[in-house]
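Here the structure comes first, spelled out in structure tokens, and everything after it is commentary.
What follows draws every value from the coordinates through simple rules; no lab data is involved. This one's a predicted model, so the numbers in the text were calculated from it and none came from an experiment. For neighbour counting, all protein chains shown are included, and Cβ atoms are generated from backbone atoms with ideal geometry for every residue, glycine included.
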Amino acid sequence: MQNMIIAIDGPAGSGKSTIAKQLAKKLKIEYFDSGSVYRCLTLYGMNHFNQSCEGYESEIAQCFLKNPGLLEIRYVDHRQTLLLEGEDPSKRIRSRDVTRQVRFIASNPECRDVVNAKMRSLAKTHCFAIDGRDIGSVVFPETPYKIYLDADVEVRAKRRALEMGIELNSAEYKQLANEIQQRDQGDRNRTIAPLILAEGAKKIDTTKMTVDDVVKLLLDWIDSNPNN
Ligand code: DC
């Protein structure tokens with residue numbers, strides 16, 4: 001039998017990572033941030049090929065295929081720890097530059113295969129709440145726990161701004177809101193593994209909900225699942 005996988009997809013700022021972390025904590029399973037793995041491949045490409053990853057996607061994927069140890073994913077005390085070439089990349093992968101470049105990596109099939117193989121391999125030994133864009137539709141379509149979170153784009157932009165310490169109504173905020181809209185379009189319209197509502201997924205609009213409300217609703221839903 002497959003380990004428990006809770007697949008959470010949705011656009012940026014819909015609450016995926018917050019909810020996935022809370023569910024993982026309550027259910028005593030691990031949290032897997034699949035976006036951070038795409039970001040690691042992006043950072044590697046920017047460091048070793050060019051400040052822009054565009055045009056180097058296949059070469060970047062080949063590096064990780066030839067040397068899987070380039071990126072290690074470990075769990076210590078229920079915390080996902082990433083080591084990229086032996087170093088902690090967690091701060092650098094959140095930079096605006098990486099955020100702008102990640103779409104090149106995320107729309108390349110070879111890079112997606114590298115990331116998916118890491119997730120599927122770890123899922124053999126761990127139970128996870130995983131957030132991303134294609135977790136329920138492509139990576140773990142067989143899991144009975146598929147969730148799709150959404151929220152109005154302004155609310156999502158505000159949540160991101162709050163996280164990043166950006167003042168609302170500033171020029172930086174307007175730029176952030178624009179970038180979120182562009183990322184939405186890119187994630188939804190790309191030909192490979194676009195962001196879609198997976199078949200059988202539970203869809204929740206978190207626009208007017210608190211984190212606690214969403215977590216409670218989902219814990220009840222998981223609890224009532226006939227596969228338990
Ligand atoms: O969740 P995030 O913002 O850290 O993700 C970074 C990018 O990676 C995002 O623009 C879309 C992409 N991504 C993806 O295509 N598929 C996933 N499963 C996770 C992230």
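Couple of notes before you dig in:
- Pairs from Lys146/Lys208; Lys28/Lys146; Lys16/Lys208; Lys28/Lys91 whose Cα-Cα separation, in the structure shown, is over 24 Å: Lys28/Lys91
- Ranked by how many other beta carbons lie within 10 Å on average, peptides 137-143, 165-171, 213-219 from highest: 137-143, 213-219, 165-171
- Sequentially through region 15-28, phi angles give Karplus couplings (6.51, -1.76, 1.60; θ = phi - 60°) of x, 4, 5, 4, 5, 4, 5, 5, 5, 4, 5, 5, 8, 6 Hz, Gly and Pro residues having no value and appearing as x.
- Mean residue ellipticity (222 nm) of the chain, computed from DSSP H runs ≥ 4 via -39,500 (n - 2.57), nearest 500: -15000 deg cm²/dmol
- Peptides 117-126, 6-15 ranked from most to least packed by the mean count of surrounding Cβ atoms within 10 Å: 6-15, 117-126.
- 3J(HN,Hα) along region 180-192, derived from phi through the Karplus expression 6.51 cos²θ - 1.76 cosθ + 1.60 where θ = phi - 60°, amounts to 5, 5, 5, 5, 3, 4, x, 5, 7, 9, 5, 6, 9 Hz, with x in place of Gly and Pro.
- Taking 1.306 mPa s as the viscosity and 10 °C as the temperature, the Stokes-Einstein diffusion coefficient of region 58-162 based on its alpha-carbon Kirkwood radius rounds to 100 µm²/s.
- Computed over the chain, the ratio Rg/Rh where both radii use C-alpha atoms and Rh is Kirkwood: 0.95
- Peptides ranked, highest mean first, by Cβ atoms within 10 Å: ranges 69-78, 149-158: 149-158, 69-78
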